[in-house]
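The values are calculated or read from the model by the stated rules, or taken from the named source; none is laboratory data. Computed from a predicted structure; not experimentally measured. So basically every Cβ, Gly included, is an ideal-geometry build from the backbone, and we count neighbours across all protein chains shown. To get the accessible areas, we keep the full protein, side chains included, count just its heavy atoms, and leave off ligands, DNA and RNA. Shrake-Rupley method; radii C 1.70, N 1.55, O 1.52, S 1.80 Å.
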Amino acid sequence: MSGHLPFQTVAEAPSIHTYFDVVPESPDGKQIVYFRFDGKPLTQGTICIRERQGDRVTEVLHCPGSTHGAAQQGWLDSEHIYFTANEQVQIATLSGEIVQSFPGAIDTIHQQTRRGLAPSKNWRGDIRPPKEKACFRIDIDEGSLHELLDVERAWELCQGRIDLEGVDKSLMNFKHTKWSPDGKQWFVVFTNEESRKAHPGLKTVKVLIAANDQGEDARFIGAFHHHPNWSPDGKMIFAFSGLHGEVHAWDPRGGGPRVLCTFPDEGHPSLHPQGTVMLTDAYVNDETLVYGYDFPSGRVSEISRSPDPKFDWQTSHPPRQLCHAHPVWSHDGQRIYMNRVVENLPQLVVMESGF
């Protein structure tokens with residue numbers, strides 16, 4: 001495949017989907033969930049559900065949303081969405097009726113077991129988790145919370161594996177908890193990088209730790225750069241690491257990384273459900289580019305290019321940018337969803353896969 005792929009508008013601007021690892025399509029492929037902003041300064045909007053092959057739009061709830069991940073909206077199953085609003089995790093039907101609310105957070109969800117994952121830093125509001133700086137499993141139907149990993153155990157796993165001399169354990173925290181495709185394992189990023197602004201010259205630690213769904217068999221995976229994810233078959237964890245543009249892969253049981261592929265630039269990597277194509281976005285000279293790496297041929301193609309204007313009024317993450325593209329595949333690998341800037345507003349679009 002070569003050349004740019006044509007795109008179609010999913011939702012009116014300004015709008016975005018959630019993240020490069022959360023598919024905005026329902027599991028049955030019939031609906032799309034997204035966040036429609038009110039307008040500048042892109043801090044408030046409405047969670048919407050739209051027919052993929054139709055015009056019906058259901059407005060679920062007006063609430064705060066960020067330019068990075070909106071309201072963390074996603075699919076629990078083909079009949080229900082989840083999102084975060086009013087300092088609660090909310091479960092709603094296709095008609096927009098909220099049928100369950102509970103304090104906490106959901107970073108990622110495993111649809112088959114109906115269980116979420118979240119680090120304590122994702123909690124919002126006055127109701128806090130039982131322990132700060134820990135990771136939790138959220139059993140949605142039971143409404144129960146289970147601690148899986150804390151800083152002390154994570155620190156122990158890092159000792160002897162990386163150089164911790166001069167590293168302040170109190171600055172370490174968790175982010176990006178992610179289920180394996182079978183829901184039996186998960187990983188988390190253990191890092192101090194968010195303390196860099198307050199501590200200039202900080203020696204940065206950023207590693208992956210994995211465990212099973214009970215928090216047992218915790219193991220150090222490796223140091224990396226950014227944006228890790230599971231392969232669709234669960235046989236590897238991949239992320240940008242090593243030399244610029246390189247995507248590395250690790251066996252989730254442990255062991256050194258291998259180079260999976262290399263891009264001209266780097267952002268958020270997304271692997272096709274069949275493992276045949278890797279996508280990434282990149283941000284160069286006020287433009288957003290999306291590349292595709294075709295594993296059978298070993299070729300890299302530029303599949304999309306759009307403006308990436310900067311605005312001082314956009315102060316949240318990503319600062320001055322209106323959105324990240326966050327390319328993500330549909331469940332069947334036939335479509336690619338991404339955010340683009342269209343007429344100085346973010347807009348969710350979809351492309352038919354050309355691979």
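Miscellaneous remarks
- Take every pair of alpha-carbon atoms less than 8 Å apart whose residues are at least six positions apart; their mean separation over the length of region 76-167 yields a relative contact order of 17 percent.
- Most to least accessible of THR9, THR18 (protein chains only, probe 1.4 Å): THR9, THR18
- Computed magnitude of the charge dipole of the chain (debye, nearest 20; Cβ of K, R +1, Cβ of D, E -1): 480 debye
- For PRO181, neighbours were defined as the other residues whose beta-carbon sits under 13 Å from its Cβ, and their charges (Lys and Arg +1, Asp and Glu -1) total -1.
- Since only THR9, PRO200, HIS146 are under comparison, the one whose Cα sits farthest along the positive direction of the charge dipole of the chain, derived from C-beta charges on Lys, Arg, Asp and Glu, is PRO200.
- Each part reduced to its alpha carbon centroid, region 1-69 and region 227-241 end up 25 Å apart.
- Fluctuation leader among PRO24, PRO269, PRO232 - the chain, Gaussian network, Cα springs under 10 angstrom: PRO232
- Computed on protein heavy atoms with a 1.4 Å probe, the accessible areas place ASP163, ASP139, ASP21 in the order ASP163, ASP21, ASP139, largest first.
- Sorting the segments 63-69, 284-290 by their mean number of nearby beta carbons within 10 angstrom, highest to lowest, gives 63-69, 284-290.
- Size of electric dipole in region 200-353: Cβ of Lys, Arg +1 and of Asp, Glu -1, about Cα centre, debye, nearest 20: 320 debye
- For region 81-140, a crude dipole built from +1 on the beta carbon of Lys and Arg and -1 on the beta carbon of Asp and Glu, taken about the Cα centre, is about 280 debye to the nearest 20.
- A dipole drawn for region 86-191 from +1 and -1 charges on Cβ atoms has a positive end, and of SER180, THR113, TRP155 the residue lying farthest that way is SER180.
- Inter-label distance, GLU97 to GLU59: 2.0 nm, where each label sits 7 Å from its Cα along the C-beta direction.
- Net charge contributed by nearby residues that have their C-beta within less than 15 Å of ARG56 (K/R +1, D/E -1): 0
- Where labels lie 7 Å past Cα in the beta-carbon direction, separation of LYS235 and HIS199 in nm: 4.0 nm
- Mean sequence separation of contacting Cα pairs (under 8 Å, at least six apart), scaled by the length of region 66-105, corresponds to a relative contact order of 27 percent.
- In the calculated pair-distance distribution of region 23-152, the portion above 24 angstrom amounts to 28 percent of the Cα-Cα pairs.
- Expressed in Å, the radius of gyration and Dmax of the Cα atoms of the chain are 19.5, 58.
- Computed [θ] at 222 nm, deg cm²/dmol, the chain (DSSP H ≥ 4; -39,500 (n - 2.57); rounded to nearest 500): -500 deg cm²/dmol
- Note on the chain: dipole from Cβ charges, positive end direction compared against PHE220, ILE237, PRO129; the farthest Cα belongs to PHE220.
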